[in-house]
Amino acid sequence: MLEGVYSMLGDIAPLTEMIAIAKKHNAMILVDEAHSMGFFGPNGRGVAEEQGCLDDVDFVIGTFSKSVGTVGGFCTSNHPKFEIMRLVCRPYVFTASLPPSVVATAATSIRKLMHAGNKRAHLWENSRTLHKGLRDLGFQLGTEEAQSAIIAVIMPDLETGAAMWQALLENGLYTNLARPPATPANMTLLRCSLCAEHTAEDVTTILERFAAAGRATGVIG
């Protein structure tokens, strides 16, 4: 069970190498593209498509609540044992189907994502600009370079992270304050999630507010 983009640090899985190991040991492969769908790949299908290994994946799962903009989720597969998923998946067995209006909206959104190359390019540009800007300001980030639209700003401790989160919030900028057990290695971080509707001016404003909050809390000099 793998993820395309990991939700806390925003790092990308080396799916090609991981899938090769799984195949060597005759294991079935399930990839969660919740945080990469719409952003990665020529058709927005995720990291597996981007890395050219989608045909080697047995099951792909994802959510409609992020890039698709509705609610619910999906699992898709051509694997002969796909029916087992239907039988053992508790939410599928015990939950009613999604409303037709939600399904229609999700389907329309997915079709639009397939042809959203310009939006993907714009989002990549924003992600790289924000990542570089935060590093230049002196913040410690979860990745050495922008790997996705998720950018994690590492805090020295929970108390400082909470103060930084509050300072940003009071200045009109919302981020997610993440702490253990959601984060790896007892890490506290501020999780930034960009979208294609953010403008270049928005990114500049984000950097200005991070700079002010960082200096006020002592996270940066």
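For every residue, the table says whether it meets (1) outside any helix (DSSP H, G or I); (2) open to solvent by less than 60 Å² (accessible area, probe 1.4 Å); (3) without any contact (Cβ under 8 Å) to a residue 24 or more places away in the chain; (4) among the aliphatic types (A, V, I, L, M).
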| position | (1), (2), (3), (4) |
| --- | --- |
| Ala152 | yes, yes, no, yes |
| Glu159 | no, no, yes, no |
| Gln166 | no, no, yes, no |
| Leu173 | yes, yes, no, yes |
| Pro180 | yes, yes, yes, no |
| Leu189 | yes, yes, no, yes |
| Cys192 | yes, yes, no, no |
| His198 | yes, yes, no, no |
| Leu207 | no, yes, no, yes |
Failed condition for Thr105, given (1) without any contact (Cβ under 8 Å) to a residue 40 or more places away in the chain; (2) assigned to a loop (DSSP other than H, G, I, E, B); (3) touching a Gly at 6+ places or on another chain (Cβ under 9 Å) | (2)
Can you confirm whether region 117-133 contains a residue that is outside any helix (DSSP H, G or I), under 30 Å from Thr217 (Cα atoms) and without any contact (Cβ under 8 Å) to a residue 40 or more places away in the chain?
-> no
Just one of (1) out of contact with any helix residue (DSSP H, G or I) (no Cβ under 9 Å at 6 or more places or on another chain); (2) modelled with pLDDT of 95 or more; (3) in a loop (DSSP other than H, G, I, E, B); (4) not charged (D, E, K, R) trips up Asn78, so point out which.
-> (2)
Which one of Ser65, Ser7 is under 27 Å from Pro184 (Cβ atoms) and either open to solvent by less than 60 Å² (accessible area, probe 1.4 Å) or assigned to a helix (DSSP H, G or I) (or both)?
-> Ser7
Taking region 10-21 only, how many residues are open to solvent by 20 Å² or more (accessible area, probe 1.4 Å), over 23 Å from Leu190 (Cα atoms) and either of a type in the set (Asp, Glu) or not in a loop (DSSP other than H, G, I, E, B) (or both)?
-> 5
Consider Glu145 carefully, then state whether it is surrounded by fewer than 14 Cβ atoms within 10 Å (Cβ to Cβ), touching a His at 6+ places or on another chain (Cβ under 8 Å) and farther than 28 Å from Gly73 by Cα.
-> yes
From (1) open to solvent by less than 30 Å² (accessible area, probe 1.4 Å); (2) out of contact with any Leu (no Cβ under 7 Å at 6 or more places or on another chain); (3) over 23 Å from Val47 (Cβ atoms), pick out the condition that doesn't hold for Arg120.
-> (3)
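The values are calculated or read from the model by the stated rules, or taken from the named source; none is laboratory data. These figures come from a predicted structure and were not determined experimentally. Cβ: placed from backbone, ideal geometry, glycine included. Neighbour counts: every protein chain shown. To get the accessible areas, we keep the full protein, side chains included, count just its heavy atoms, and leave off ligands, DNA and RNA. Shrake-Rupley method; radii C 1.70, N 1.55, O 1.52, S 1.80 Å.
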